[in-house]
Amino acid sequence: MKILIYDEGGLVQLNEPASKTLMQAIRDAGLNIAAQCGGGASCATCHVYVDEAWCAKLKPADETESAMLDFAEARQENSRLSCQIELSEDLDGLTVTLAPGAAF
Ligand code: FES
């Protein structure tokens, strides 16, 4: 599977990420993401914007994630915490953009 990430440097394609979550895949690829709480849904510094075509294919944000996104910089309709997105084959081609405040 592949994942497409837009960050300040442009488009990065991750092929066959072995990581369990999108945040881990981004971090393992060496991209600039703070993810300060390490995936505990308690910092909002792994904030991404999900490409519109993929929003409906993801499990909806639960209450904890949605509440934390209220603290994220520049929340949008397509905002998600990348640490709460579990990767699986059916997300092949998932495309996201790192949001402001996600970089360290
Ligand atoms: S890493 Fe902290 S909320 Fe995702």
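Considering only beta bridges that DSSP places wholly inside the chain, some 75 percent are antiparallel. So the label point goes 7 Å from the Cα of F104 along Cα→C-beta, right? Which residues of segment 32-49 then have their backbone N under 19 Å from it? Answer for segment 32-49: 32-48.
The ellipsoid equivalent to the alpha-carbon distribution of segment 1-70 has semi-axes of 20, 15, 12 angstrom, derived from the gyration tensor eigenvalues as √(5λ) and listed largest first.
Give the residues of segment 81-104 whose amide nitrogen is closer than 11 Å to a point set 7 Å from the Cα of K57 in the direction of its Cβ. So the set is 88-96. Given the DSSP H assignment, sum -39500 (n - 2.57) over each helix run of at least 4 residues in the chain and divide by its residue total; what's the result at 222 nm in deg cm²/dmol, nearest 500? When only DSSP H runs of four or more count, the value is -4000 deg cm²/dmol.
Remark on segment 28-104: Rg and Dmax equal 11.5, 30 Å (Cα only).
Under the criterion of Cα pairs below 8 Å and six or more residues apart, the relative contact order for segment 2-98 equals 40 percent.
Taken about its Cα centre, the chain carries a charge dipole of about 160 debye when Lys and Arg each add +1 at the Cβ and Asp and Glu each add -1 at the Cβ.
Coordinate-derived values only; no laboratory data. The structure presented is a predicted model; accordingly, all values stated were derived computationally and were not measured. Cβ atoms come from the backbone with ideal geometry, glycine included; neighbour counts cover every protein chain shown.
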